[in-house]
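Take a look at the structure below.
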């Protein structure tokens with residue numbers, strides 16, 4: 001089990017996405033420990049913040065990792081089982097004497113190792129920031145690391161276990177699970193801050209309030225009018241109830257990770273078709289000989305082929321829902337209907353930019369004389385899908401700009417990462433914040449404020465240009 005987990009971990013850390021996540025962890029540490037005169041904070045303790053000692057810096061970075069790495073970390077580690085199936089390693093595992101619980105335990109250890117390495121980078125960043133901020137240069141390694149052990153690691157263990165559960169459950173293993181996780185994380189992030197949260201929640205229970213504080217503890221990226229007052233934080237209140245809750249949380253995570261052993265077939269029989277949204281990635285390009293770009297192929301024919309590829313395999317229930325939403329945009333108030341209509345195709349949008357790599361035809365497409373028309377046709381297919389679903393509202397300029405922005409975001413994220421789950425997570429979060437009246441994300445034009453249509457149209461142009469540039473670099477074009 002240890003050998004399997006180690007091999008899996010080594011394979012993951014060689015990916016560019018892992019390096020990107022390590023770099024983002026450093027940025028997360030900078031957010032967690034801002035300058036002493038900054039106008040934001042991720043932890044407000046009764047209207048105060050603690051002096052930047054080892055204990056407080058460790059606390060605030062551990063809480064930040066428990067809050068944010070549980071979101072992005074899920075998408076980073078949830079491809080472990082699918083990768084074994086996609087690469088054929090699963091068939092070798094099925095023929096080996098390794099039992100299903102052992103396989104699941106190895107994947108859990110690998111998931112935890114990946115997220116723990118990011119947490120270690122955060123801990124190192126916390127130490128550097130403590131010294132840079134200059135409020136206390138006395139380093140206490142135990143006080144610095146204890147919050148990571150008691151707060152961050154149990155939450156990341158739960159995240160690793162849930163990622164494994166989602167992967168091993170047929171209904172949740174695809175795009176539906178990727179979208180659902182955003183809402184699961186939101187509920188957990190909010191409910192986990194309550195003093196009555198099970199197992200200690202995120203870990204705010206042992207955070208002591210300063211004397212005379214009139215507010216509760218707040219966790220999240222918050223703007224403050226004036227720099228917060230400073231107090232000497234006394235350290236974690238490690239009650240037996242809190243420690244027992246963290247141990248129980250670890251045990252629950254282990255149970256969640258091993259639960260799929262009841263139904264997970266461990267690749268010893270082929271997956272039944274039709275169990276997830278759309279076909280497997282390798283069948284998306286089933287019509288490639290008829291629709292693949294060829295030298296001299298006109299752009300309208302190329303665009304039509306990309307449209308067929310984009311919607312290939314969408315089940316009947318999706319088309320029925322799309323038809324109902326198409327009508328609803330005409331008869332229901334524009335904002336409400338459009339918000340639903342433009343989240344419905346999220347699993348189709350997420351294919352943009354990812355299908356050549358996932359279907360194994362990237363080398364064939366690389367032989368096309370110029371990628372420009374191919375990328376633009378793929379983007380155009382996404383725009384057409386978006387425009388059709390929002391047809392009843394596109395008289396508004398901001399809505400038209402949104403129809404160009406959404407596929408552009410999907411295209412650039414898919415092209416850069418090669419994975420549909422990145423767009424599924426990012427867009428779901430943006431959509432949720434927008435429908436909760438965050439004017440800065442008014443890309444559909446259904447709110448009263450925020451950037452205008454020129455901003456979103458310009459952003460779409462920049463994103464498409466970035467996707468095209470990366471495609472040309474990847475294929476060795478000039």
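Per-structure values
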| quantity | calculated |
| --- | --- |
| Subset of the range 220-241 that is without any contact (Cβ under 8 Å) to a residue 60 or more places away in the chain and in contact with a helix residue (DSSP H, G or I) (Cβ under 9 Å, 6 or more places away or on another chain) - its residue that is nearest to residue 37 (Cα to Cα) | 234 |
| Residue satisfying all of: in the range 82-119; within 18 Å of residue 169 (Cβ to Cβ) and buried (at least 22 other Cβ atoms within 10 Å of the Cβ); farthest from the chain's Cα centre (by Cα) among these | 103 |
| Residue in the range 144-160 that is out of contact with any helix residue (DSSP H, G or I) (no Cβ under 8 Å at 6 or more places or on another chain) and part of a helix (DSSP H, G or I) present | yes |
| The listed residue being at pLDDT 75 or above, in contact with a strand residue (DSSP E or B) (Cβ under 9 Å, 6 or more places away or on another chain), farther than 25 Å from residue 136 by Cβ and in the same structural domain as residue 156 (by TED's automatic domain parsing), out of 197, 189 | 189 |
| Every residue from the range 445-454 that is part of a helix (DSSP H, G or I) and in contact with a helix residue (DSSP H, G or I) (Cβ under 7 Å, 6 or more places away or on another chain) | 453 |
| Any hit, the range 436-444, residues being crowded, with 22+ Cβ neighbours inside 10 Å, modelled with pLDDT of 85 or more, assigned by TED's automatic domain parsing to the domain that holds residue 331 and part of a loop (DSSP other than H, G, I, E, B) | yes |
| Exclusive hit being touching a helix residue (DSSP H, G or I) at 6+ places or on another chain (Cβ under 6 Å), in contact (Cβ under 8 Å) with a residue 60 or more places away in the chain, on the phi < 0 side of the Ramachandran plot and surrounded by fewer than 23 Cβ atoms within 10 Å (Cβ to Cβ), set 428, 415 | 428 |
| Unmet requirement for residue 29, which otherwise passes all of (1) surrounded by fewer than 16 Cβ atoms within 10 Å (Cβ to Cβ); (2) at pLDDT 80 or above | (1) |
| Lone qualifier among 425, 457 - being more than 22 Å from the chain's Cα centre (by Cα), assigned to a helix (DSSP H, G or I) and in the same structural domain as residue 328 (by TED's automatic domain parsing) | 457 |
| Of the criteria (1) modelled with pLDDT under 80; (2) surrounded by 14 or more Cβ atoms within 10 Å (Cβ to Cβ); (3) over 19 Å from residue 40 (Cα atoms), which one residue 214 fails | (2) |
| Whichever residue in the range 352-367 is modelled with pLDDT under 90 and crowded, with 17+ Cβ neighbours inside 10 Å and, among such residues, is farthest from residue 322 (Cα to Cα) | 365 |
| Residue within the range 179-189 that is within 17 Å of residue 65 (Cα to Cα) and either assigned to a loop (DSSP other than H, G, I, E, B) or out of contact with any helix residue (DSSP H, G or I) (no Cβ under 8 Å at 6 or more places or on another chain) (or both) present | yes |
| Within the range 1-97, helices (runs of 4 or more DSSP H) holding 3 or more residues that are assigned by TED's automatic domain parsing to the domain that holds residue 117 and over 19 Å from residue 418 (Cα atoms) | 2-13, 16-32, 54-77, 89-95 |
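Table: residues versus (1) out of contact with any strand residue (DSSP E or B) (no Cβ under 9 Å at 6 or more places or on another chain); (2) at pLDDT 90 or above; (3) over 24 Å from residue 27 (Cβ atoms); (4) not assigned by TED's automatic domain parsing to the domain that holds residue 70.
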position: 103; (1), (2), (3), (4): yes, no, yes, no
position: 118; (1), (2), (3), (4): yes, no, no, no
position: 121; (1), (2), (3), (4): yes, no, no, no
position: 131; (1), (2), (3), (4): yes, yes, no, no
position: 138; (1), (2), (3), (4): yes, no, yes, no
position: 149; (1), (2), (3), (4): yes, yes, no, no
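The values are calculated or read from the model by the stated rules, or taken from the named source; none is laboratory data. Keep in mind that what you see is a predicted model, and the values were worked out from it rather than measured. As a convention, Cβ positions derive from the backbone with ideal geometry for all residues, glycine included, and neighbour counts pool all protein chains shown.
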